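Colleague: The structure's right below; bear with me while I get my questions together.
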Amino acid sequence: MGAITEINKNRGFAGDLIISFPWGLPGLEDHREFILNPLEKDSPFYYMRSNSRPEIGLLLVNPFVIFKDYEFNLDSEAAGQLHIADQKQIAVLCTVNTSRGIGAATVNLLAPLVINTERLRAKQVVLHDRRYSYRAPLPLEQDGEAGVR
C-alpha cells in the first residue's frame with residue numbers, strides 16, 4: 001500500500017461511532033470497543049471513550065491537519081488485518097497526551113490509530129520510522145493554522 005498522506009486530512013466522523021479494536025490497545029487490552037466523537041464541528045480533535053467503561057478515554061487528533069508533512073506506509077499485515085483494500089477506507093488519528101497541561105501537550109506520531117472507515121475496525125500501528133516520536137510537541141494555533149488555542 002502506498003504512503004498514507006494528506007489524502008486523509010479531511011476524513012471526519014460525525015460522532016457516536018463505535019470503533020472496534022480487535023487486538024485491544026496497549027494499556028487498555030480489556031477494552032475492545034470505543035465510542036468516537038469530534039470535540040467540535042470541523043475540529044481535528046476527537047474524544048474516544050471505552051464503550052464498557054465511559055470514564056476511560058483518550059484525546060485524539062487527525063495528524064494530517066496539524067503536522068503537514070506527516071506520512072507513513074501501512075504494512076501489508078496491518079492492511080490485511082483491517083481488511084483495507086483501498087486508501088479511501090482509511091482514517092488516521094493519533095493520541096494526545098495532556099498530562100503536563102495543554103500548553104505542553106504531545107502527540108504520539110509513532111503509533112497512530114488506523115481505522116477502516118467502512119468496517120469501523122481499528123488498530124494501533126507502531127511505525128518503524130525515525131522521523132517520528134511518541135512525544136511530538138502539539139503546536140499552538142498561530143494565524144489561522146491548526147493547533148491548540
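The values are calculated or read from the model by the stated rules, or taken from the named source; none is laboratory data. The shown structure was predicted, so the numbers you read here are calculated from the model rather than taken from an experiment. Cβ sites come from the backbone with ideal geometry, for glycine too, and all protein chains shown count toward neighbours. Remember, those area values only see protein heavy atoms, side chains included, never the ligands or the DNA or RNA. Shrake-Rupley method; radii C 1.70, N 1.55, O 1.52, S 1.80 Å.
Colleague: Taking interchain pairs and intrachain pairs at least six residues apart, which have beta carbon atoms under 7 angstrom, with the first residue in segment 68-80 and in contact (Cβ under 8 Å) with a residue 60 or more places away in the chain and the second open to solvent by less than 10 Å² (accessible area, probe 1.4 Å) and of a type in the set (Phe, Trp, Tyr)?
Modeller: Partner pairs satisfying both residue conditions: Tyr70/Phe64.
Colleague: Hey, another quick one. Tally time: how many residues in segment 35-47 are without any contact (Cβ under 8 Å) to a residue 60 or more places away in the chain and closer than 18 Å to Asn108 by Cβ?
Modeller: Kept after step one, since they are without any contact (Cβ under 8 Å) to a residue 60 or more places away in the chain, are these residues of segment 35-47: 35-43, 45-47.
Narrowing further to those that are closer than 18 Å to Asn108 by Cβ: 36, 39, 45-47.
Of the residues in segment 35-47, 5 are without any contact (Cβ under 8 Å) to a residue 60 or more places away in the chain and closer than 18 Å to Asn108 by Cβ.
Colleague: Report whether or not Leu58 is open to solvent by 30 Å² or more (accessible area, probe 1.4 Å), within 22 Å of Ser99 (Cα to Cα), at pLDDT 95 or above and not charged (D, E, K, R). Full working, then the answer.
Modeller: Details: open to solvent by 30 Å² or more (accessible area, probe 1.4 Å): yes; within 22 Å of Ser99 (Cα to Cα): yes; at pLDDT 95 or above: yes; not charged (D, E, K, R): yes.
So Leu58 passes the test.
Colleague: Then there's this: Say we look at segment 79-88 and pick out the residues that are touching a strand residue (DSSP E or B) at 6+ places or on another chain (Cβ under 8 Å) and surrounded by fewer than 16 Cβ atoms within 10 Å (Cβ to Cβ); which of these is farthest from Lys123 (Cα to Cα)?
Modeller: Looking at the filtered set, the residue picked out is Gln87.
Colleague: So in segment 89-103, with the set limited to residues that are among the hydroxyl-bearing types (Ser, Thr, Tyr) and under 17 Å from the mean Cα position of the chain (by Cα), which one is least open to solvent (accessible area, probe 1.4 Å)?
Modeller: Taking segment 89-103 as the starting set, the residues that turn out to be among the hydroxyl-bearing types (Ser, Thr, Tyr) are 95, 98-99.
Filter again for under 17 Å from the mean Cα position of the chain (by Cα), leaving 95, 98.
Numbers: Thr95: 29, Thr98: 58 Å².
Of everything passing the filter in segment 89-103, Thr95 is least open to solvent (accessible area, probe 1.4 Å).
Colleague: What single numbered condition from (1) under 17 Å from Pro26 (Cα atoms); (2) open to solvent by less than 80 Å² (accessible area, probe 1.4 Å); (3) within 16 Å of the chain's Cα centre (by Cα) fails to hold for Asn51?
Modeller: Result: Asn51 fails condition (3) only.
Colleague: Condition (residue is surrounded by fewer than 17 Cβ atoms within 10 Å (Cβ to Cβ) and modelled with pLDDT of 95 or more) applied to segment 11-22: is it met by at least one residue?
Modeller: Yes: segment 11-22 contains one or more residues that are surrounded by fewer than 17 Cβ atoms within 10 Å (Cβ to Cβ) and modelled with pLDDT of 95 or more.
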